[in-house]
1. Condition (residue is under 22 Å from residue 391 (Cβ atoms), assigned to a loop (DSSP other than H, G, I, E, B) and touching a residue at least 40 places away in the same chain (Cβ under 8 Å)) applied to the stretch 150-168: is it met by at least one residue?
2. Working only within the stretch 219-273, note down all residues that are in a loop (DSSP other than H, G, I, E, B), among the hydrophobic types (A, V, I, L, M, F, W, C) and closer than 20 Å to residue 390 by Cβ.
3. Return only the number of the condition from (1) assigned to a helix (DSSP H, G or I); (2) farther than 19 Å from residue 152 by Cβ that residue 26 does not satisfy.
4. Keeping to the stretch 305-332, report how many residues are over 22 Å from the mean Cα position of the chain (by Cα) and either outside any helix (DSSP H, G or I) or closer than 15 Å to residue 346 by Cβ (or both).
5. Would you be able to tell me the number of residues in the stretch 183-210 that are out of contact with any Leu (no Cβ under 9 Å at 6 or more places or on another chain) and of a type outside the set (Gly, Ala, Ser)?
6. Return the only residue of 301, 290 being in contact with a Phe, Trp or Tyr (Cβ under 9 Å, 6 or more places away or on another chain) and either outside any helix (DSSP H, G or I) or surrounded by 17 or more Cβ atoms within 10 Å (Cβ to Cβ) (or both).
7. May I ask you to list the residues in the stretch 404-443 that are assigned to a strand (DSSP E or B) and under 19 Å from the mean Cα position of the chain (by Cα)?
8. Which of the numbered conditions does residue 175 fail, given that it passes all the others? Conditions: (1) touching a residue at least 60 places away in the same chain (Cβ under 8 Å); (2) in a loop (DSSP other than H, G, I, E, B).
Amino acid sequence: MTMTGLSAVEARDRMASGALSAVDYMRGCLDRIAATDGEIQAFEWFDADFALRQAEGADQHRKSGRPIGPLHGLPVALKDVIDTRGIPTANGTQVDAGRVPEHDAVIVEKLRAAGAIIIGKTVTTELAFMHPSKTRNPVNPAHTPGGSSSGSAAAVAAGMVPLAVGTQTGGSVIRPAAYCGITGFLPSTGSIPRTGVLTQSPTLDRLGVFARSVEDAAMLAEVLFGHDDLDKATAPAPFPRLLSVASAAVPVRPQFAFVRTPYWDKATEACQQALEELVDELGEGCFEPVLPEAFGEAASVRERINLAEMAKCYHRYRRDGADQLSLRLSEALERGGKVTAHDYIAALDWPDYLYSALDAVFQRCDAILTPAAPGSAPKGLESTGDPVFNGIWTLCGTPAITLPLFADEDGMPMGVQLVGPRGGDARLLRTARWLVKHIETDGQGD
């Protein structure tokens, strides 16, 4: 196994013990970037010398005998909507070209304190919306990698980095992770502070992580969780033990609720068949609840909130750089500006209203089982795919994770999405790990 083939947890443990140097591990990542990023184009900003200097500093720190952090020596890539002190952060738009923040985002401070190495900034779609970026899908470059966290998903999937961070307002973590064949984890609303991250929709915006396993995702997310006075969505809470819980054996076999959602007809035949076969395999460990008809309006409600808040938050882009915005974004901002105050305020009541129905489902299961996307990544680069199977969960503030359990007839990945109750992030991760092991061992579980 090559160094970059190690799981992030394994690499972290080897570097902590001195069995592997941060410099050697970083060189493995740099070699992989040099070999693949010319075609995939996952990185917006990258400096190999800067990355190596950070790795050298990590090795010197460990040799000094001082305590090391929980992410010691691990390279982490950041979506280019996350502010990094002294490193360009252009938010995927020419309007912000050349912008270099003076301060790190709160999560960047957390990463540095944990010993992580900021290896580079990954490509985002324009202002984290839906206009496609230059990034290609590592599995097949003729297909979209998804969006808006396209570069973060592609960099992890291609083995360039073990870990990456992205954002989701509609389906921008779960969908690209599913399309690229990796694990994408979106924690509950309010879990990770957003200060220093581009604001598109304060109600909906969340940070999420990309990794190649559930355990790796748990390790990264655990470091990012926390309270920040400047982000009113966060609140003081006990330090989460995501990795230890995710790695533990389940006390009893998990129970799943198979939710097709009102948008089941948008799923491809291959996606529908794969999910139904998994449900059959789970047998009595899975039941199918019926969601209230109101869930059929969830996609339009989420979009209404998104567009109205985006029109406000992106006002300066229309004012200062309207001629540099894509037609897709310009039209979305125009639509958002036409949402009435009555309709917007009414839409804000929907997350808790819908979640009250989900709460009854969660009383009977450990996780909801549902598609991560309508199918595999669409061929062509004109679209980032449809977030229709993500919007409900984004709107409701629930944690979600996609697992690369299936592939279509052409070998393109298809993700399975698990959704947990608000605040049930650790339990969701443990359930996700159980499902992965269950599939790997032909139904024997762990």
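1. Checking the stretch 150-168: not a single residue is under 22 Å from residue 391 (Cβ atoms), assigned to a loop (DSSP other than H, G, I, E, B) and touching a residue at least 40 places away in the same chain (Cβ under 8 Å).
2. 233, 259, 267
3. The failed condition is (2).
4. Residues flagged as over 22 Å from the mean Cα position of the chain (by Cα) and either outside any helix (DSSP H, G or I) or closer than 15 Å to residue 346 by Cβ (or both) within the stretch 305-332 amount to 4.
5. 2
6. 301
7. Of the residues in the stretch 404-443, the ones assigned to a strand (DSSP E or B) are 404-407, 413-419.
Within the stretch 404-443, 404, 405, 406, 413, 414, 415, 416, 417, 418, 419 qualify.
8. Looking at each condition in turn, residue 175 falls short on (2).
The values are calculated or read from the model by the stated rules, or taken from the named source; none is laboratory data. Computed from a predicted model, the values in this text were never measured in an experiment. Cβ atoms come from the backbone with ideal geometry, glycine included; neighbour counts cover every protein chain shown.
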